[in-house]
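Peer 1: Take this structure first; my questions come after.
The values are calculated or read from the model by the stated rules, or taken from the named source; none is laboratory data. Because the structure is a prediction, the values reported are computed rather than measured. Cβ sites come from the backbone with ideal geometry, for glycine too, and all protein chains shown count toward neighbours. These area figures cover heavy atoms from the full protein model, side chains too; ligands, DNA and RNA do not enter into them. Shrake-Rupley method; radii C 1.70, N 1.55, O 1.52, S 1.80 Å.
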Amino acid sequence: MNTTSNNTGSNNTGDAYKDAGVDIDAGAALVDAIKPLAKATARVGADAGLGGFGALFDLKAAGYKDPILVASTDGVGTKLKIAIAANKHDTIGIDLVAMSVNDLVVQGAEPLFFLDYFATGKLDVASGRDIVAGIAEGCRIAGCALIGGETAEMPGMYAGKDYDLAGFAVGAAERGQILTGTDVAAGDVVLGLASSGVHSNGYSLVRRIVEKAGLSYQDEAPFAPGTSLGEALLAPTRIYVKPALAAVRAGTVKALAHITGGGLTDNIPRVLPEGLGVTLDATAWPLLPVFRWMAESAGISDEDLARTFNCGIGMVVITAPDKADEAMRILSEAGESVHRIGEVQPAIGEVERVVIDGVDTAWHA
């Protein structure tokens with residue numbers, strides 16, 4: 001490793017570190033570039049300032065009297081590989097926030113603040129700023145403050161332009177108002193909130209399908225004419241926080257399920273009491289073109305499709321029959337596309353706690 005000496009004969013360790021592949025100046029430039037983005041997410045309880053060793057949040061100032069804290073952490077998975085290949089980094093941060101805050105709201109918790117971890121082999125300030133801009137936008141949509149994070153430049157750990165992201169969200173709900181799903185009963189109504197696309201799960205399979213189809217991410221998407229494949233597949237995960245909280249606070253929700261890895265069949269049972277399942281009607285909502293294209297081009301079975309992807313439903317809402325219309329009204333007025341997709345029923349068995357009828361008509365038309 002080359003070193004540069006100053007007039008006193010000591011090594012210039014900043015240049016030595018840069019020679020080793022870590023650019024402290026680039027890191028400082030990125031912090032300066034993202035400070036306004038973080039500041040724009042400030043909310044009551046947090047001033048969203050960056051640069052200190054820790055971040056503070058005042059629960060009392062946020063209006064909580066006897067809160068329970070709820071925490072969640074997640075990443076974006078191999079969707080990052082598509083962002084890197086397409087050289088499009090401005091929405092992947094929205095995905096990062098969505099994956100954690102949507103998990104918080106299913107417990108009835110309001111996301112309060114968010115921290116990110118961004119690691120790369122070689123820090124590029126422009127793409128780094130785009131990534132954090134997406135994180136800040138996700139926080140704005142969710143109503144939480146971006147109050148801190150970590151940027152790590154680790155040459156030798158990541159190849160080329162590769163990078164990784166992790167996110168950490170903390171929320172709160174008043175004691176006694178946490179959603180547990182324990183009061184879900186047979187006859188309850190299952191509502192589905194439309195997804196914006198593949199969201200952030202199943203991308204190892206997505207990438208394999210693209211590779212086998214001989215497509216590049218710059219090609220036109222077969223399922224979205226006029227849009228590149230990379231842009232179509234990078235459509236950010238929808239953030240359901242504010243509409244879902246409005247329905248929860250109106251007393252219309254018994255349980256929520258975020259449809260992530262495991263799809264419809266594995267995620268809905270997570271919020272159901274033992275012995276209960278759901279029967280869904282696939283004709284009640286549209287299968288998005290991206291899922292139809294993947295299923296047809298790769299020969300994915302209906303079972304695998306429902307267990308891998310959200311199939312057009314990104315959040316499931318379970319409500320009492322007499323409150324279903326009110327829940328639908330609140331969610332619709334908050335901007336969600338809401339479908340009445342099924343009903344809670346006694347489970348056929350542990351293996352079939354989610355039964356999807358009408359698939360032949362809806363998914364193979």
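Peer 1: R0 = 25 Å: FRET efficiency of Glu303 with Glu211, Cβ-based, nearest 0.05? If you can, show how the numbers build up before the last one.
Peer 2: On the way: r = 23 Å, r/R0 = 0.92.
E(calc), rounded to 0.05, equals 0.60.
Peer 1: What figure in square angstrom, to the nearest 10, would you give for the accessible area of Trp293 with a 1.4 Å probe?
Peer 2: Accessible surface of Trp293 is approximately 40 Å².
Peer 1: Decide, for the stretch 118-164, between rounded, prolate and oblate: order the square roots of the alpha carbon gyration tensor eigenvalues as a ≥ b ≥ c, take rounded if a/c falls under 1.5, and otherwise choose prolate if a/b is larger than b/c, else oblate.
Peer 2: prolate
Peer 1: Below 8 Å between Cα atoms, with a sequence gap of 6+, how large is the relative contact order for the stretch 245-365 in percent?
Peer 2: 46 percent
Peer 1: Relative contact order of the chain: what whole-number percent is it, with Cα pairs under 8 angstrom and at least 6 residues apart?
Peer 2: RCO, the chain: 20 percent.
Peer 1: If R0 is 25 Å, what FRET efficiency do you get for Asp162 and Ile68 from their C-beta distance, rounded to 0.05?
Peer 2: 0.05
Peer 1: With a ≥ b ≥ c taken as the square roots of the eigenvalues of the C-alpha gyration tensor of the stretch 45-173, please select rounded if a/c is under 1.5 and otherwise prolate if a/b is larger than b/c or oblate if it is not? Numbers along the way, then the final one.
Peer 2: Details: a/c = 2.41, a/b = 1.85, b/c = 1.31.
Verdict is prolate for the stretch 45-173.
Peer 1: Out of the trypsin sites (Lys or Arg not before Pro) in the stretch 34-126, which ones are loop residues according to DSSP with at most 15 other C-beta atoms within 10 Å?
Peer 2: For trypsin sites (Lys or Arg not before Pro) across the stretch 34-126 that sit outside H, G, I, E and B with at most 15 neighbouring Cβ atoms in 10 Å, the list reads Lys60, Lys65.
Peer 1: Using a simple charge model, +1 on the beta-carbon of Lys and Arg, -1 on the beta-carbon of Asp and Glu, nothing else, what dipole does the chain show about its Cα centre, in debye to the nearest 20?
Peer 2: On the way: 28 positive and 45 negative charges, 111 e Å.
With only Lys, Arg, Asp and Glu charged at Cβ, the dipole is about 540 debye.
Peer 1: Moving on. Sorted by accessible area with a 1.4 angstrom probe, largest first, how do Ile92, Ile356 fall? Present the calculation step by step, with values, prior to reporting the outcome.
Peer 2: Numbers: Ile92 0, Ile356 35 Å².
Descending order: Ile356, Ile92.
Peer 1: Applying 1/(1 + (r/R0)^6) with R0 = 35 Å to the Cβ-Cβ distance of Ala250 and Asp360, what FRET efficiency is obtained, to the nearest 0.05?
Peer 2: Given R0 = 35 Å and the Cβ-Cβ separation, E is 0.40.
Peer 1: To two decimal places, what compactness ratio does the chain give when its Cα radius of gyration is scaled by 2.2 N^0.38 Å?
Peer 2: Normalised Rg, Cα atoms only: 1.09.
Peer 1: OK, next. Cα centroid distance between the stretch 85-158 and the stretch 284-314, in Å?
Peer 2: 27 Å
Peer 1: Also: Please identify the GluC sites (Glu not before Pro) of the stretch 226-333 that satisfy two criteria: DSSP loop assignment and at most 13 other Cβ atoms within 10 Å. Which are they?
Peer 2: Values: sites: Glu231, Glu274, Glu296, Glu303, Glu326, Glu333; in loops: Glu274.
Here the sparse-neighbourhood loop sites are Glu274.
Peer 1: Taking a spot 7 Å from the Cα of Glu296 along the direction of its beta carbon, which residues of the stretch 212-236 have an amide N less than 16 Å from it?
Peer 2: What the label zone holds, given the 16 Å backbone N cut-off, is 213, 221-226.
Peer 1: Mind checking which lysines have their Cα closer than 22 Å to the Cα of Lys242? Skip sequence neighbours fewer than 8 apart in that chain.
Peer 2: Reachable lysines: Lys39, Lys60, Lys65, Lys254, Lys323.
Peer 1: Still on this structure: Per-residue ellipticity at 222 nm for the chain, helices alone: DSSP H runs ≥ 4 residues times -39500 (n - 2.57), over residue total, nearest 500 deg cm²/dmol?
Peer 2: Here the helix-only value at 222 nm equals -10000 deg cm²/dmol.
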